[in-house]
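Okay, so here's the structure we're looking at.
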Amino acid sequence: LPISPYVPPRRFYLRSSGSQRAPGVLSFDPGTVQQPDGDIPYPADLSNPYLKNGMIKLQYGRDNATVFKGQFSGTLSAAFPYTQFSLFVNPALWPGWTRDAIHAVGAGVEVLIEYSLDGRTRSEFYDPNSKFNLQPQNTWLNNNNNLTEFATTTVPLRRGAKLNPLKPKIDGDDFERSPRVSNGTVTVSIWASAASPKRSDIYLACDCSPSSQRASWIKVPYQ
């Protein structure tokens, strides 16, 4: 019998709405799409249905952001009092190349995470000055270009200056001012950065199964 993948609790998985114009959903239920593995050639287009159904093409500029919304309640976590996330983003689909330097060098995305905490608000914005830069590689068949909180200053870890963690612009209240939340919302907006020197196609993994190792998710610091 097939073994169901372990699904960690309280993760919001990025799920599409089925419409480019409607906001996506942050759901505790993960998707089921299995993206292609290393047994197929590098994709030249979106003709593979598993590839097409497991990603969203990001648009350039904040006004064209792809948005996901979710609701939650709970008590602030003492162990992880910060936003956790894993966003799989790929800077290009280009046949036959493992490094698409011509089209994708400098490609990046900006991310805005907004909270409503029983009337209090908080936002974490990775703007053009602290955007997530992407590796210029065709990595759908590998496990690269995974954006996580460990690349940022929101994680309380000591790191050398050479590691250069990204510092978001944080507005609003600290999580500590809302130790309990009964009616919270979180909104994740992501878009291709207009500050990038080249405008390659950029894709966000969405609706993927955790067993695919490309399921994009966010975890709020409440449990």
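Here are the numbers:
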{"read-out": "Hey, THR154 out of contact with any Gly (no Cβ under 9 Å at 6 or more places or on another chain), among the polar types (S, T, N, Q), closer than 16 Å to ARG11 by Cα and touching a residue at least 40 places away in the same chain (Cβ under 8 Å) or not", "value": "no"}
{"read-out": "Within the stretch 167-223, strands (runs of 3 or more DSSP E) holding 3 or more residues that are among the small types (Gly, Ala, Ser) and either under 21 Å from TYR126 (Cβ atoms) or touching an Asp or Glu at 6+ places or on another chain (Cβ under 8 Å) (or both)", "value": "180-192"}
{"read-out": "Top-ranked residue in the stretch 102-121 [being over 20 Å from the mean Cα position of the chain (by Cα) and hydrophobic (A, V, I, L, M, F, W, C); ranked as surrounded by the fewest Cβ atoms within 10 Å (Cβ to Cβ)]", "value": "ILE102"}
{"read-out": "Criterion: at pLDDT 75 or above, surrounded by fewer than 17 Cβ atoms within 10 Å (Cβ to Cβ) and touching an Asp or Glu at 6+ places or on another chain (Cβ under 8 Å) - qualifying residue of PRO91, PRO81", "value": "PRO81"}
{"read-out": "LEU58 being surrounded by 13 or more Cβ atoms within 10 Å (Cβ to Cβ), modelled with pLDDT of 75 or more and over 23 Å from PRO210 (Cβ atoms)", "value": "no"}
{"read-out": "Qualifying residue in the stretch 159-172 (condition: basic (Lys, Arg) and at pLDDT below 85)", "value": "yes"}
{"read-out": "In the stretch 173-192, the residues that are surrounded by 14 or more Cβ atoms within 10 Å (Cβ to Cβ) and over 17 Å from ILE218 (Cβ atoms)", "value": "ASP173, SER178, ALA192"}
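So that you can scan it fast, the table gives a plain yes or no per residue for (1) in a loop (DSSP other than H, G, I, E, B); (2) in contact with a Pro (Cβ under 8 Å, 6 or more places away or on another chain); (3) at pLDDT below 90:
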| position | (1), (2), (3) |
| --- | --- |
| LEU1 | yes, no, yes |
| PRO5 | yes, yes, yes |
| LEU14 | no, no, no |
| GLN20 | yes, no, yes |
| VAL25 | no, no, no |
| PRO36 | yes, yes, yes |
| PRO41 | yes, yes, yes |
| ALA44 | yes, yes, yes |
| LYS52 | no, no, yes |
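The values are calculated or read from the model by the stated rules, or taken from the named source; none is laboratory data. The structure presented is a predicted model; accordingly, all values stated were derived computationally and were not measured. Because the Cβ atoms are built from the backbone with ideal geometry, glycine has one as well, and the counts that use them run over all protein chains shown.
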